[in-house]
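Quick notes on the structure that follows.
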Amino acid sequence: MGKFDLSHYSFKQLMELDACTRCGECVKWCPTYAEKSEEPLQPADKIRRMRSFIGAQYGFRARLFGSRFPADESLEEFSDGVYDCTLCGRCRVVCPVKIDTRPLWIAMREHLVDLGHYPETFDTLREMVTTRYNISGDDNQDRLIWSENLERVPEGLAGKREADIVYFVGCTPAFYPQTYGIPQATVTVMERAGLDFTTLGGEEWCCGYPLIIAGMESAIKELVEHSVAAIRGIGAHRLVAGCPSCYHTWLHEYPRIMGEPLGFEVQHLSELLLELIGEGRIKLNEFDRLVTYHDPCDLGRNSGIYDAPRSVIRSIPGISFAEMEENRRQALCCGGGGDVAMCDEELVGAVAARRLRQALATEAQVLVSACQQCKRTLMTAARQEKARMRVLDIVELVARVMED
């Protein structure tokens, strides 16, 4: 079968595999292990298994007695653990020796794709994203279907030749009705603030994030080149994304993949909202409710944005705010990240229900997040638990209290 190829790992990552002390601190914080209690889900177990695979090929015993390629059964069990991970990054935060686990798990996924040991559903995902240019398999020209329910469609919402800002909607808000309210609220706020903006319409292609974290980054080159050229062609100075995963991908992954700066600013929608409120471009009415906030993993731990959404919430007159027990860097995942929904929907629901219980413990009437996927998973959990709690994206909250 040949050698166990290590080209997917950086030298630093190979060192990190050896650095793990097996202290188990990560296990206490892993949201998926908390629900399934299966050993392959433990962050430390993933490292132990990979170290074992490498040792069987390159270690001292391999030199004495010959190398052994991992058995298919071992790789399948390893794959289950690697793909049943939301990539939330809590293990990275609590690791005493600072192992950068999240990119390590993605490298493991790339390796498993190379070996052919990954969930078959990801072949469908790759096909949809690279041929239909979205994660749902819909006609990509229908990306503005959410705008049909707007009282007034802003002029130049798509097809504008020049604009200062491009609003990058994202696949989920564009094609999943549960989240249509997010782009609807966004364009309402942008128009009220008098911004010069547009969208790419049917020329908006998936940012590629779902394939990057699936271990299939090699498939997204065309997506990256098309999307960057589209923004540059409009002459935009700023791209605004409401989806934290799109935001993270544009800000961090695209410059790395292209090997050059984008030439325009990338901003998360919560940052834009705070800017508009601070400049007085939108005015807010009172909102006499108790609100709590859920930190999306790709916005908080993976991109470092914690304060902007909270500042937006606190800027609303009359509002009361309560933090959940686990917040900011220690915030529990909603369960919807890491492409886990493609492998284990039940696991997603279990993690989401746990996070919902934390929100309910604050006695808040409204649960706010800043991510369409978090909204979907937490809304579903609230419905299943028959919880008396409203789930809103932060831009939906702002649009509701905005003065006419």
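The numbers here are math on the coordinates, done by the rules we state, and not lab data. What you see is a predicted model; the values in this text were computed from it and never measured. Don't worry about glycine lacking a Cβ; one is built from the backbone with ideal geometry, like all the others, and counts go over all protein chains shown.
What share of all Cα pairs of the chain, in percent, falls into each consecutive 20 Å distance bin?
Once binned at 20 Å, the Cα pair distances of the chain give 27, 56, 16, 1.
When Lys36, Lys46 are ordered from fewest to most other Cβ atoms inside 10 Å of their Cβ, what list results?
Ordered from fewest to most neighbouring Cβ atoms within 10 Å, Lys36, Lys46 come out as Lys36, Lys46.
Would you work out which of Met324, Pro119, Met402 lies farthest towards the positive end of the dipole of the chain, given +1 charges on the beta-carbon of Lys and Arg and -1 on that of Asp and Glu, about the Cα centre?
Met324
List, in order, the whole-Hz ³J(HN,Hα) value for each residue of the range 134-143 obtained from phi through the Karplus relation with A = 6.51, B = -1.76, C = 1.60 and θ = phi - 60°; use x for Gly and Pro.
7, 8, 9, x, 6, 5, 5, 6, 8, 4
Among the listed pairs Lys283/Lys386; Lys36/Lys98; Lys36/Lys375; Lys28/Lys221; Lys36/Lys386, which are separated by more than 30 Å between their Cα atoms? Before the final figure, lay out the partial values.
Working: Lys283/Lys386 34 Å; Lys36/Lys98 25 Å; Lys36/Lys375 23 Å; Lys28/Lys221 38 Å; Lys36/Lys386 23 Å.
Listed pairs above 30 Å: Lys283/Lys386; Lys28/Lys221.
Local charge sum around Gln365 (other residues, Cβ-Cβ under 12 Å, Lys/Arg +1, Asp/Glu -1)? Could you put the intermediate results ahead of the total?
Details: positive: Arg289, Arg388, Arg390; negative: Asp288, Glu363.
Spelling it out: positives minus negatives among the neighbours equals +1.
Viscosity 1.002 mPa s, temperature 20 °C: give me the Stokes-Einstein translational D for the range 253-338 in µm²/s, with Rh taken as the Kirkwood radius over C-alpha pairs.
On the way: Rh = 14.9 Å.
Using the Kirkwood radius from Cα pairs, D works out to 143 µm²/s.
If each Cα of the range 148-188 is one equal point scatterer, what is log10 of I(q)/I(0) from the Debye formula at q = 0.18, 0.24, 0.35 Å⁻¹?
Normalising to I(0) and taking log10 leaves -0.54, -0.92, -1.31.
If you split all Cα-Cα distances of the range 284-401 into 5 Å bins from zero, what percentages do you get per bin, shortest first?
In order of increasing distance, the bins hold 2, 12, 24, 26, 20, 11, 4, 1, 0 percent.
Hey, what does the equivalent ellipsoid look like for the range 112-153, semi-axes from the Cα gyration tensor as sqrt of 5 times each eigenvalue, largest first, whole Å?
Square roots of five times the eigenvalues give 33, 9, 6 Å.
Suppose only helical runs count, i.e. DSSP H with n ≥ 4. What mean residue ellipticity at 222 nm does that imply for the chain under -39500 (n - 2.57) per run, divided by all residues and rounded to the nearest 500 deg cm²/dmol?
-13500 deg cm²/dmol
How large are Rg and Dmax for the range 172-211 when only the alpha carbon atoms are used, in Å?
11.9, 36
Per residue and in Å³, how big is the convex hull formed by the alpha-carbon atoms of the range 11-118? All intermediate terms of the calculation are to be shown ahead of the outcome.
Values: hull volume 10.9 nm³, N = 108.
Once divided by residue count, the hull of the range 11-118 is 101 Å³.
Roughly speaking, what is the centre-to-centre gap between the range 154-207 and the range 308-373 when only Cα atoms are used, to the nearest Å?
Value for the Cα centre distance between the two parts: 24 Å.
Just want to confirm a number: the relative contact order over the range 11-118, from Cα pairs under 8 angstrom separated by 6+ residues, in percent. Intermediate values should be presented prior to the final figure.
On the way: 107 pairs, mean separation 32.5, N = 108.
That works out to 30 percent.
What order do you get for 276-283, 197-204 when each peptide is scored by the mean count of other beta carbon atoms within 10 Å, highest first? Present the calculation step by step, with values, prior to reporting the outcome.
Details: 276-283: 13.9, 197-204: 21.8.
So the peptides 276-283, 197-204, ranked by packing, come out 197-204, 276-283.
Pop out the Kirkwood hydrodynamic radius of the range 133-275 from its pairwise C-alpha distances, inverse of mean 1/r, in Å to one decimal. Working shown, then result.
Working: mean 1/r = 0.0658 Å⁻¹.
For the range 133-275, the Kirkwood estimate is 15.2 Å.
I need Val97, Val82, Val27 ordered by Cβ neighbour count within 10 Å, fewest first.
By the 10 Å Cβ count, ascending, the order reads Val97, Val27, Val82.
What is the set of long-range amide H partners of Cys371 at a cut-off below 5 Å, with H atoms built 1.01 Å from backbone N?
Under 5 Å from the amide H of Cys371 lie the amide H atoms of Ile394, each far enough along the sequence or on another chain.
For a footprinting-style exposure proxy, rank His117, His268, His8 by other Cβ within 10 Å, fewest first.
The order, fewest Cβ neighbours first, is His8, His117, His268.
Out of the DSSP beta bridges found with both residues in the chain, what percent are antiparallel (nearest 5)?
Of those bridges, close to 5 percent are antiparallel.
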